[in-house]
1. Give the residue, chosen from B:Ala290, B:Ala231, that is more than 30 Å from A:Gly693 (Cβ to Cβ), of a type outside the set (Phe, Trp, Tyr) and at the interface with chain A (Cβ under 10 Å from one of its Cβ atoms).
2. For residues that are in contact (Cβ under 8 Å) with a residue 24 or more places away in the chain and among the aromatic types (Phe, Trp, Tyr), scanning just region B:453-502, find the one that is farthest from A:Trp62 (Cα to Cα).
3. Among the residues of region A:716-731, what is the count of those that are in a helix (DSSP H, G or I) and either over 16 Å from A:Gly643 (Cβ atoms) or among the charged types (D, E, K, R) (or both)?
4. Could you check how many residues of region A:566-580 are under 17 Å from B:Ala231 (Cβ atoms) and either of a type in the set (Val, Ile, Thr) or in contact (Cβ under 8 Å) with a residue 24 or more places away in the chain (or both)?
5. Could you please find all residues in region B:149-177 being outside any loop (DSSP other than H, G, I, E, B) and either within 8 Å of chain A (Cβ to nearest Cβ) or β-branched (Val, Ile, Thr) (or both)?
6. If you go through region B:446-461 one residue at a time, do you hit one that is outside any helix (DSSP H, G or I), surrounded by fewer than 23 Cβ atoms within 10 Å (Cβ to Cβ) and at pLDDT below 95?
7. When you scan region A:374-381, do you find a residue that is assigned by TED's automatic domain parsing to the domain that holds A:Leu334, within 20 Å of A:Leu329 (Cβ to Cβ) and assigned to a loop (DSSP other than H, G, I, E, B), even just one?
8. So, of the residues in region A:717-761 that are within 7 Å of another protein chain (Cβ to nearest Cβ) and touching a Lys or Arg at 6+ places or on another chain (Cβ under 9 Å), which turns out to be surrounded by the most Cβ atoms within 10 Å (Cβ to Cβ)?
Amino acid sequence: MGLAATIFSGFLLAILAPFLHRLLRGKTGWVFALLPLAIAIYLAGFHREVRAGEALRAAYEWVPTLGIRLSFYLDGLSLLFALLISGIGALVLIYAGGYLHGHAQLGRFYSYILMFMASMLGVVLADNLLALFIFWELTSLSSYLLIGFNHEKEDSRSAALQALLITGGGGLALLAGIILLGSVGGSYEISALANADGVIREHPLYLPALLLFLLGAFTKSAQAPFHFWLPGAMAAPTPVSAYLHSATMVKAGVYLLARMNPILGGSAEWHYLVTLAGAATMLIGALLALPQTDLKRLLAYSTVSALGILVLLLGIGTAEAAKAAMVFLVVHSLYKGSLFMMAGAVDHETGTRDVQSLGGLVKIMPVTALAAGLAALSMTGFPPLLGFIGKELIYEAKLQAPTAAPLILGIGVIANIINVTVAAIVGIRPFVGDKRATPRKPHEAPLSLWLGPLTMAAAGLLLGLFPGLIANSLVSPAIQAIRAEEIVLKLKLWHGLNFVLLLSVFTVLAGIALFFARNFFRRLAGRAQGLSFLTPSVWYQKGLDGLMGFARAQTRLLQNGYLRYYLLTIFLATMLLVFFKLVLPPGWQSLEKFAVARYYEIGLGVAMLLAALVALFSRSRLTAAIALGVIGYGVAVIFVFYGAPDLAITQILIETLSVILFVLVVYHLPAFNRLSGSRSRLRDALVALLFGGMMSALVLKATNLQLHPTISGYFAENSLSLAHGRNVVNVILVDFRALDTLGEITVLAVAAVGVFALLKLKLK
Amino acid sequence: MNLLLIFPITIPLLTAILSALAWRSLKVQRALGVLGSAGLLAAALALLMNVWRGGIQSVQMGSWPAPFGITLVADLFGAIMVALAALTGFAVLLYSLGSIDERRQSFGYFPLFQVLLMGVCGAFLTGDLFNLYVWFEVLLIASFVLMALGGERGQMEGAVKYVTLNLVSSALFLAGIGILYGKTGTLNMADLAQKLRLEPQSDLVNSTSMLFLIAFGIKAGAFPFFFWLPASYHTPPVAVSAVFAGLLTKVGVYALIRCFTLFFVQDVQFTHTLILALAGLTMVTGVLGAAAQNEIRRILSFHIISQIGYMLMGLGLMTPLALAGSVFYLIHHIIVKTNLFLIGGVVQTLKGSDDLKKIGGLYKAHPLLALLFAIPAFSLAGIPPLSGFFAKLTLIIAGLKIDSYLIVLTALAVGILTLFSMTKIWNEAFWKAQPAGPALDNPAAATVTGGAFRLLLPVILLAAITVLIGAASEPFFALATRAAEQLIHPEEYIRAVLGGKP
């Protein structure tokens, strides 16, 4: 009950948010923050049970026939993520109230961000994979709505769409993967699948399922080559960037990898694919971050790099790596959330986010500067902050990587050096040196804007000094969930003088050196513009444009506007299919059942054929109408030949009426005009002949077959005795099948109304 | 005699006749329309309830025993379709009250509307092939006149293409009936099913089955027969498009599912693989067609085609789960698509155009409308937990279960393109600021805003149902599952029509 409530209270508040915001006005953020705070406290209360391995569960049936259950469970991994989501969520709600103060659409903003928070909690608490997927998609949707929050800007809209298409596309891959995994493992419950892992990794569908899962995780967590949507997502208001696009949503992929590790992990495919994606992303993110000058883009690319590190660690797959991943998860969420909020505060106060036009803000914004400094130090991995411990663990894990350890370590060092530089550019540079002119005259940010960054930065310091606070209560249960084994975790600042420490020192020094050489790299990047064809964002755009071009071309081709081509297509398709099925099954083509035609039948046939030719080639409509009449009367004569005088009478009546009407109408029409060329006439004639041939063959086949005695004998027998009528056709029309006649009468009545309206009602 | 089976035909017929008698009083016609549509809805729901509880129902018209007379049958599939037709009819009729101009109303709009509903319901209920043809004619002529009513230039052009291509369909259908009757000597569908099941040479009807496939394929708007649909759906008044969008193609889908589960099952390997291929191509061409459009109604029209592909996918896969997916898809789609057309109409009323290049700013100015659009739009795109997600999920699970990877891949890819199209409307009409240029704001919009609630009422009703189908999909899914079971095991259907006879 409680677990479901933590999720659905968020959805409920999301629905009510716009209305409550009208009542609460400026206090909305503070009041709303109470919900995630309560959730965090409530969940934290379970840490003892979770540590003891007693996962908390709750389950409700939703669509049992499809296997969709709202089943939740709370283990170490879920708890760690859920606390980050709800804890940072509370701070972000407060922050957003200050950041978007007075914005006309703030009510909707709260709605979306609460919807996101609830969905994200759903992702990390769900036990049922389909339920997880539903929440997963809802995070993509809320992300779309939030990135496009400044919806009148073209950039925001296209960035929102890009993020949605990429994460949505990956989401669909994930869905297919889930269904495959469900059919392999016999259940959609993660906890059940974890007990059947041997079967899964041996199954031939393991690899497809794994690839689909990875596609889902990599798109969501912005792994190369899908990383480019994340910098684009910076079009969102800063609270969104801090919350969704650095601290939580982009970690959903990481969560999925960690969660699926006991089920899908451990194989060579997993190891290589995940390691490769992580290492590449770590490096690419860092390299792309270096030349940036916009605070948020700097942070976005360094987030990409950090996500790469997390994925890489999960790919390495050792116990050391899992430890490093979980500690770094906390480290990164704290410093990156803090730095993003700081960037927003600076932007809010100065009116710019360009690091080149920021400086000396420490005197004006001391509290913000303090938060930024602490967070930046954690990012560089400076003792005694938590970031230092994180970096030590990462280096340790890379050193012990089972494959290509030196290469991974080398790339890791490069990425970390750049990260140190980025930390200095973002967290130190704007606050030191000379003051510069900014679009707005800066003041210290209000409480709501510095509370969040300072809290998170301070937490980084506190946890660095006393890592025992979370080591065994939160982090080691999470690692246990990934590894599916008992783990004892000792976190400490001082590991003694060893190679890893040396590496750390080297990283920081090299990072500082790089900081001073940053302008050189910016110029270098400026010259590399010609290489833009290498970037996936260009492929994305090209792919999209190409698809649109193809869509337009095929639509012009198919829906070309000419009725004659539509008809031609339909006739050709019909002939293709019918001929195929006519020729294929043998057995009926021997025309043994056909009696030799009698001479008057042949004569009638020739006459009708001639009439048809006259109708076709006549230049006068009148002649054509009369020729058609001849055909009709011919049919009536055939009815007589075969002993159906009732039918013949009906046919003659209809035919007479048709000819008279035709003649009346034809009288008012203009003379024939030949509009088509002889080539298209030839083509049409060919199609018509073939089509006629096809119908003839079908009818021949039907006459040659009599799979069952027909029911028509019943009508002849009972027409008089039961229905009291001598004309069988009439009896069929008005009694046996009177409902048909009702329908046809209706058709006539409607046609009359239609003609009347067409003649009388003329709108412009 | 089971009156509930006859009500869905007689109620609209009676309403049409009474409305036609009250030709000069629009007030009476409007009241009759609301009353009749509400009555139809009530009758349809009662029928559905009855079939759910008591199994398949049938009634022999004129008491002539099957297979000699005409039998009306309601299995769950048919009853669901009737209920959906009635719901669509009711919602669109409400919308018509505030949106159809008085000139059209005074030239028989209301009687025509009822005749259309009568034709649709008749098609869903008949157990006789020729009678099915008659109902096709009824709904064709009613829809043709509705489409042309008003005689605007665009309308006429669309209506001519519409009626010509649909007459080709009717001709093929009629020829098919004649030939099938020649071979089997019966028109009663249950009788056909029974006879063909016992007949060792029954694959000799395959060539005929192709005629039916194409005739219904044209009606359903499947590839490569869909041309009439994008050529005509954007031309008539919105209410007319909306009821067409909801119901017309679905009659074709219904007929395909009915015939190709009940009696054309001799060569499933060929026919249903063909249907599956057509389904995939229909999805793709439809969604690409939509991507190339820039007006809301044209985009939505092409999406009908693409969605038809999903419904046919279930038939092509031909497993109980897949058919349940098709039925669920029909339930979801009819409601969502009708609603999207109605919303497109509200946009047009507010902005004077539905050209995405000329309009914008709706998200800011009309948040409720934005929400009402988002629900069916994201449902159509398959975003959970809305109805479309469960519909697509069912089909995808069904496809993966029997290793039909290609169609599943197609369905997933088309899903993301559908999302693309829906966000295109959202981005342009709702998020983008109203572009500068000649003021397009409809001068009539001010007066409409007063009556906007009348337009929004059916929209809200349908959106609420969409949310409900998503949030509580189990009962709907149970309904679809049982309907699919009746389709795949037609013994109960045959028994209900023919009685205990062998």
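1. Only one candidate qualifies: B:Ala290.
2. Checked region B:453-502; the qualifying residue farthest from A:Trp62 (Cα to Cα) is B:Tyr493.
3. Of the residues in that region, 6 qualify.
4. First pass over region A:566-580, keeping only residues under 17 Å from B:Ala231 (Cβ atoms): A:566-570.
Remaining after also requiring either of a type in the set (Val, Ile, Thr) or in contact (Cβ under 8 Å) with a residue 24 or more places away in the chain (or both): A:568-570.
Final tally of qualifying residues: 3.
5. B:Val160, B:Lys161, B:Val163, B:Thr164, B:Leu165, B:Val168, B:Leu172, B:Ala175, B:Ile177
6. No: region B:446-461 contains no residue that is outside any helix (DSSP H, G or I), surrounded by fewer than 23 Cβ atoms within 10 Å (Cβ to Cβ) and at pLDDT below 95.
7. Yes - at least one qualifying residue is present in region A:374-381.
8. My answer is A:Ala757.
The values are calculated or read from the model by the stated rules, or taken from the named source; none is laboratory data. Only a predicted model underlies this, so the values are computations on that prediction, with no experimental measurement involved. Note that each Cβ is placed from the backbone with ideal geometry, even for glycine, and that neighbours are counted across all protein chains shown.
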